[in-house]
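In what follows, a structure is listed as structure tokens, so that the remarks can point back to it.
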Amino acid sequence: MSELLENIKWSKDYETGIEEIDEQHHILVNTLNEANKLLTTDYSLENLQNITKDLLSYALYHFEEEEGLMKEYHYEKEAPQDFENHMKQHRDFSHKVVELRDSLKAGNLIEKDELISFLLNWLLNHIDKTDKKFGNFLQAKI
């Protein structure tokens, strides 16, 4: 069994300034921390499948919420390159998690540390590099 990766503690550094988005990001960080704890004590195919299913479901909900705000505030027209990059990151992440789920369905395990590190790194990088840009854009509109 691998050791527990250090949990990510929510910080104001992760905030975009948009309460709804920040709350959802906080939930995602907490979900990943809980997944890390669970897989440290009970690493199994079933838990891996449940975690990736739940994570994908919540991530898709979150992406829809963000994309709804993008549409409502005309992000695509006013910042087309940032919009395209943001959308591509959402699609690439969803595609990667679907690939992981398909691999798990085929009985292929993924190392806990590899999974949690990928998910946390993607989320924190996405928040810092992409969501904050959108947050700044949105704050200027509201």
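Here are a few things to note about the model shown:
- Histogram of C-alpha separations across region 59-142, 10 Å bin width, %: 16, 45, 25, 12, 3
- The sum of -39500 (n - 2.57) across all DSSP H runs of n ≥ 4, divided by the residue count of the chain, sets its helix-only mean residue ellipticity at 222 nm to -25000 deg cm²/dmol.
- GluC sites (Glu not before Pro) within region 39-142, DSSP loop, no more than 13 other Cβ atoms inside 10 Å: 111
- Unit charges on C-beta of K, R, D, E only; dipole of region 18-141, Debye: 260 debye
- Semi-axes of the equivalent ellipsoid for region 1-76, computed as √(5λ) from the eigenvalues of its C-alpha gyration tensor and ordered from largest down, come to 29, 16, 7 Å.
- Cα-Cα over 19 Å, subset of 37/132; 37/112; 71/96; 12/132; 77/141; 12/112: 37/132; 71/96; 12/112
- Label-point separation, residue 110 to residue 9 (7 Å along Cα→Cβ), nm: 2.8 nm
- Comparing 83, 32, 120 along the charge dipole axis of the chain, the residue lying farthest to the positive side is 83, per the Cβ-charge model.
- Stretching residue 37 away from residue 81 to a fully extended chain increases their span by 12.1 nm, per 0.36 nm per residue minus the current alpha-carbon distance.
- Taking a point 7 Å from the Cα of residue 72 along the Cα-to-Cβ direction, the residues of region 114-142 with backbone N closer than 17 Å to it are 134-142.
- Long-range Cα-Cα pairs in the chain (distance over 18 Å), rounded percent: 56 percent
Each value in this text was obtained by applying a stated rule to the coordinates, not by laboratory testing. The structure displayed is predicted, hence computed values, not measured ones. Don't worry about glycine lacking a Cβ; one is built from the backbone with ideal geometry, like all the others, and counts go over all protein chains shown.
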